[in-house]
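Okay, structure first, notes after.
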Amino acid sequence: QVRLVESGGGLVQAGASLRLSCAASGRTGAMGWFRQAPGKDREFVVGISYNGGTTSSADSVKGRFTISRDNAKNTVYLQMNSLKPEDTAVYYCAARRLFRSGVFSSENYYDYWGQGTQVTVSS
């Protein structure tokens with residue numbers, strides 16, 4: 001069992017930047033960030049393959065959010081720029097147990113989840 005711990009959330013103004021980190025207690029396959037706003041379903045934000053060579057982003061964050069990973073540290077990062085009030089949500093880190101190529105946008109593919117970190121963007 002791998003444990004995921006997110007950090008870096010907070011309250012910022014629109015237009016600001018934040019970087020979220022997710023530290024895993026062991027090696028993982030592909031990883032992703034999801035978010036859930038109040039009253040809405042959890043949605044895919046960005047994902048990265050197990051070796052970091054491939055990434056994918058939701059249309060709503062393309063050009064603003066970037067995912068990266070440092071496998072030596074078992075850590076994945078989410079750099080969020082030009083934040084908007086509609087980015088307000090609890091952000092969750094997720095990881096796959098298997099080391100297979102690809103990026104995965106469906107929650108069903110992920111085996112491990114973090115506890116979530118709150119990001120609030122004020123207008």
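The values are calculated or read from the model by the stated rules, or taken from the named source; none is laboratory data. Just so it is clear, the model here is predicted, and its values are computed rather than measured. Because the Cβ atoms are built from the backbone with ideal geometry, glycine has one as well, and the counts that use them run over all protein chains shown. Just the protein is used for accessible areas: all its heavy atoms, side chains included, with ligands, DNA and RNA removed. Shrake-Rupley method; radii C 1.70, N 1.55, O 1.52, S 1.80 Å.
Highest GNM mean-square fluctuation, the chain, Cα pairs closer than 10 Å: which of Ala95, Ala23, Ala72?
Maximum fluctuation in the GNM of the chain, among the listed residues, is at Ala72.
Amide H of Phe65: which non-local residues (sequence gap of 5 or more, or other chain) have their own amide H closer than 5 Å, using H built in the peptide plane?
So Phe65 has HN proximity to Asn81.
Which whole-number percent is the relative contact order of the chain (Cα, under 8 Å, 6+ apart)? Before the final figure, lay out the partial values.
Working: 329 pairs, mean separation 45.6, N = 123.
Relative contact order of the chain: 37 percent.
Once amide H atoms are built 1.01 Å from N in the peptide plane, which residues 5 or more positions from Ala16, or in another chain, come under 5 Å H to H?
Answer set, sorted by chain and number: Leu83.
At a probe radius of 1.4 Å, what is the per-residue accessible area of Leu18, in Å² to the nearest 10?
30 Å²
What does the net charge come to around Val2 if you take all other residues with beta carbon closer than 9 Å to its beta carbon, with K and R at +1 and D and E at -1?
Numbers: positive: Arg3, Arg27, Arg97; negative: Asp111.
Once positives and negatives cancel, what remains is +2.
Once the dipole of the chain is set up with Lys and Arg at +1 and Asp and Glu at -1 on Cβ about the Cα centre, which of Gly29, Phe44, Pro85 lies farthest towards its positive end?
Going by the Cα projections, it comes out as Gly29.
With +1 on the Cβ of every Lys and Arg and -1 on the Cβ of every Asp and Glu, and nothing else charged, how large is the dipole of the chain about its Cα centre, in debye rounded to the nearest 20? Walk me through the intermediate numbers first.
Values: 14 positive and 9 negative charges, 65 e Å.
Dipole of the chain, to the nearest 20 debye: 320 debye.
Note down the net charge around Gly116, summing +1 for each Lys or Arg and -1 for each Asp or Glu among other residues with Cβ under 12 Å from its Cβ. Mind showing how you got there, number by number?
Numbers: positive: Arg35, Arg42; negative: Glu6.
Local net charge: +1.
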